[in-house]
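Here the structure is laid out as structure tokens; the discussion comes afterwards.
The values are calculated or read from the model by the stated rules, or taken from the named source; none is laboratory data. Here the structure is a predicted model, which is why all the values come from computation and not from measurement. Quick reminder, even Gly has a Cβ in these numbers, built from the backbone with ideal geometry, and neighbours come from all protein chains shown.
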Amino acid sequence: MKQEETAAAVAENKQGQHETVECLIIGSGPAGYTAAIYAARADMKPVLYEGIQPGGQLTITTDVENYPGYPDGIMGPVMMDHFKNQAVRLGSDVRYGMVSKADLSKRPFIITVDETKTISAETVIIATGASAKWLGIPSEQRLNGSGVSACAVCDGFFYRGQDVAIVGAGDTACEEASYLAKLCKKVYMIVRKDSFRASKAMQHRVENTPNIEILFNTETDEILGDNLVTGARVKNNVTGETRELAVTGFFVAIGHNPNTEIFKGQLDMDEQGYLITKPDSSFTNIEGVFACGDAQDKIYRQAVTAAGSGCMAALDAERFLSSQKH
């Protein structure tokens with residue numbers, strides 16, 4: 001019993017200790033793990049906290065066919081395990097935990113993890129990603145990855161020659177609907193109001209595409225299917241009439257929320273909360289703090305671009321530390 005109490009006391013004491021690290025990476029996914037790989041190879045002894053969703057959005061993705069190096073495709077969670085294992089093998093300290101507070105007012109930066117542990121970091125790489133906005137209906141989450149997707153560019157390829165539906169009214173929704181129209185037999189575009197929010201150019205592109213049918217004043221009532229999407233039931237907001245669409249793919253394009261809340265008031269962001277980095281770099285407005293992946297990229301949002309920006313962040317952090325030492 002005494003031995004167990006001693007072990008528990010040591011663990012508790014260790015949790016409460018203040019730790020100093022050279023490079024702290026906040027968030028996992030392609031950006032965070034790639035940053036860890038490069039930082040470890042540069043002997044920066046990186047510590048990475050995986051966050052609330054270890055591996056990022058790819059862990060809820062099934063087949064990934066557009067990432068170079070996997071000619072036969074790969075499951076998203078498996079690919080993220082590969083990223084993580086490589087980072088660990090090279091010397092990264094990958095930990096499960098959630099950064100709850102960040103004081104970036106001076107170096108070393110003070111980072112709080114799980115509201116209990118504090119870390120002093122000479123450099124911080126932010127790879128917290130962005131979360132897709134969802135409609136909030138139970139079937140949407142139940143069939144996520146089984147016909148429901150928040151990324152047409154990622155998953156549209158799997159629905160070639162099939163009928164699909166997409167929800168949204170902005171530029172991204174119009175762009176993704178146009179992309180799907182090149183692959184799919186029919187695209188139903190579900191728009192809640194009686195008009196688009198997209199630019200006129202994007203509206204015209206959608207309206208002039210023959211195999212896109214726009215359903216204005218329409219909301220999704222239910223996504224149909226047991227294990228795979230077999231259809232969607234939609235409701236007209238004006239008439240109250242319901243209609244079933246025979247689709248095998250259902251895409252949600254109503255926006256993303258960057259996971260940057262804890263940095264507000266310290267780091268420069270745009271109106272949506274995406275971190276602003278200096279041109280051709282991962283530098284934020286605070287020296288020693290770098291941003292990569294979907295937390296600062298609202299345009300591409302692809303695994304391969306996230307990985308590339310993670311590489312940039314680690315290289316920028318290494319050069320910054322070298323400049324400080326000299």
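Quick notes on this one:
- Residue match in region 109-127 (condition: assigned to a loop (DSSP other than H, G, I, E, B), in contact with a helix residue (DSSP H, G or I) (Cβ under 6 Å, 6 or more places away or on another chain) and in the same structural domain as His204 (by TED's automatic domain parsing)): no
- Comparison of Ala177, Ala232, Ala173 shows that the only residue that is over 23 Å from the mean Cα position of the chain (by Cα) and not in a loop (DSSP other than H, G, I, E, B) is Ala232.
- Yes/no for Ile299 being aliphatic (A, V, I, L, M) and not in a strand (DSSP E or B): yes
- Filter result (assigned to a strand (DSSP E or B) and either touching a residue at least 40 places away in the same chain (Cβ under 8 Å) or in contact with a helix residue (DSSP H, G or I) (Cβ under 9 Å, 6 or more places away or on another chain) (or both)) within region 239-270: Leu245, Gly249, Phe250, Phe251, Val252, His256, Asn257, Pro258, Met269
- All positions within region 303-326 that are out of contact with any strand residue (DSSP E or B) (no Cβ under 9 Å at 6 or more places or on another chain) and without any contact (Cβ under 8 Å) to a residue 60 or more places away in the chain: Thr305, Arg319, Ser322, Ser323, Lys325, His326
- Residues that are out of contact with any strand residue (DSSP E or B) (no Cβ under 7 Å at 6 or more places or on another chain) and buried (at least 23 other Cβ atoms within 10 Å of the Cβ), drawn from region 291-302: Gly293
- Residue that is nearest to the chain's Cα centre (by Cα), among those in region 46-81 that are buried (at least 16 other Cβ atoms within 10 Å of the Cβ) and small (Gly, Ala, Ser): Gly56
Quick grid of which residues meet (1) modelled with pLDDT of 95 or more; (2) within 19 Å of the chain's Cα centre (by Cα); (3) farther than 20 Å from Val206 by Cβ:
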residue: Ile126; (1), (2), (3): yes, yes, yes
residue: Val148; (1), (2), (3): yes, yes, yes
residue: Val164; (1), (2), (3): yes, no, no
residue: Gly168; (1), (2), (3): yes, yes, no
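- Selected residue (criterion: surrounded by the most Cβ atoms within 10 Å (Cβ to Cβ)) from residues of region 135-157 that are part of a helix (DSSP H, G or I) and touching a helix residue (DSSP H, G or I) at 6+ places or on another chain (Cβ under 9 Å): Ala152
- Residue pairs whose Cβ atoms lie under 6 Å apart, sitting 6 or more positions apart in sequence or on different chains, and linking a residue in region 133-147 that is under 15 Å from Glu219 (Cβ atoms) to a partner that is assigned to a loop (DSSP other than H, G, I, E, B) and among the aromatic types (Phe, Trp, Tyr), are Glu140/Trp134.
- If only residues of region 215-243 that are of a type in the set (Val, Ile, Thr) and closer than 18 Å to Gly147 by Cβ are counted, the one that is surrounded by the most Cβ atoms within 10 Å (Cβ to Cβ) is Ile223.
- Gln86 vs. criteria out of contact with any Asp or Glu (no Cβ under 9 Å at 6 or more places or on another chain), in a loop (DSSP other than H, G, I, E, B) and among the polar types (S, T, N, Q): no
- Within region 12-57, the set of residues being among the basic types (Lys, Arg) and either modelled with pLDDT under 95 or not assigned by TED's automatic domain parsing to the domain that holds Gly91 (or both) comprises just one member, Lys14.
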